[in-house]
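Notes follow once the structure below has been shown.
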Amino acid sequence: MVSGKIKESYQERVNKALSDGKFWRAKEILQGRIGFHPYDPECYELYGNVLLLMGDTINAGRILFASGQQNPEYREAIQLFLEKHRSTTWNNLLTLLPNSIRRLPYEKLPTSVQSELSLRGYIEVAKAKQDLLAGLNNRSPQTRWDWIKGELFGLIVLLIFGWLMLCLLIGIFFMIKYMWQFIYSVIK
């Protein structure tokens, strides 16, 4: 018999925190989800709603803008966010958005985000640069781990080689020392 409880989904944990009046906990759950998981517009929308409930309208607008949802009840928060950053260039606007959306290639960004970036002068060169960076940032953790293992292997080989060279130098030093002692004792 298998014991233990089935792990709750993040939506269930958020809904439980909201029903308990723990808005801060719901916010923490969603921040972690957005920070460490691939882009999920539903998660962004839920996070934006939690921020609206907490009265953080501008930050809610930022997250709801990133979600790509165009619901009428979100329009005011999104407009406040965009108005606050109206003189911000497209690349600075992208830096204001969570990392999981910044890693997306241009074509996979929500249409509303694409159009806002275009209005702010997003050009093909920047699009190509972002797509290149998205490819580099989307390396799987396995690939990163393989890279780390390779670097560790190289470091270990270098340390062993350094240790052998040190032993060789110490051996040569003692050989020369004993040879001089022998020669000195023969001459005496």
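The values are calculated or read from the model by the stated rules, or taken from the named source; none is laboratory data. Here the structure is a predicted model, which means the values were calculated and not measured. Glycine also receives a Cβ, built like all others from the backbone with ideal geometry; neighbour counts cover every protein chain displayed. For accessibility, only protein heavy atoms count, side chains too; no ligands or nucleic acids. Shrake-Rupley method; radii C 1.70, N 1.55, O 1.52, S 1.80 Å.
Looking at (1) within 19 Å of Phe81 (Cβ to Cβ); (2) at pLDDT 90 or above; (3) open to solvent by 70 Å² or more (accessible area, probe 1.4 Å), find the lone condition where Val50 falls short.
(3)
Mind listing whichever residues of the stretch 55-84 are farther than 17 Å from Tyr44 by Cβ and crowded, with 18+ Cβ neighbours inside 10 Å?
Listed by number, the list is empty, since nothing qualifies.
Need pairs with beta-carbon distance below 6 Å; first residue surrounded by 16 or more Cβ atoms within 10 Å (Cβ to Cβ) and within the stretch 87-102, second of a type in the set (Gly, Ala, Ser) and part of a loop (DSSP other than H, G, I, E, B); sequence gap 6+ or separate chains.
Listed pairs, sorted by first residue: Trp90/Gly121.
Please work out which residue is surrounded by the fewest Cβ atoms within 10 Å (Cβ to Cβ), limiting yourself to the stretch 23-43 and to residues that are over 13 Å from Ala66 (Cβ atoms), within 18 Å of the chain's Cα centre (by Cα) and charged (D, E, K, R).
It comes out as Glu28.
On the basis of being modelled with pLDDT of 85 or more, farther than 30 Å from Gly55 by Cα and not in a loop (DSSP other than H, G, I, E, B), does Phe81 make the cut? So that I can check it myself, show each step before the final result.
Values: modelled with pLDDT of 85 or more: yes; farther than 30 Å from Gly55 by Cα: no; not in a loop (DSSP other than H, G, I, E, B): yes.
Against the criterion (modelled with pLDDT of 85 or more, farther than 30 Å from Gly55 by Cα and not in a loop (DSSP other than H, G, I, E, B)), Phe81 does not qualify.
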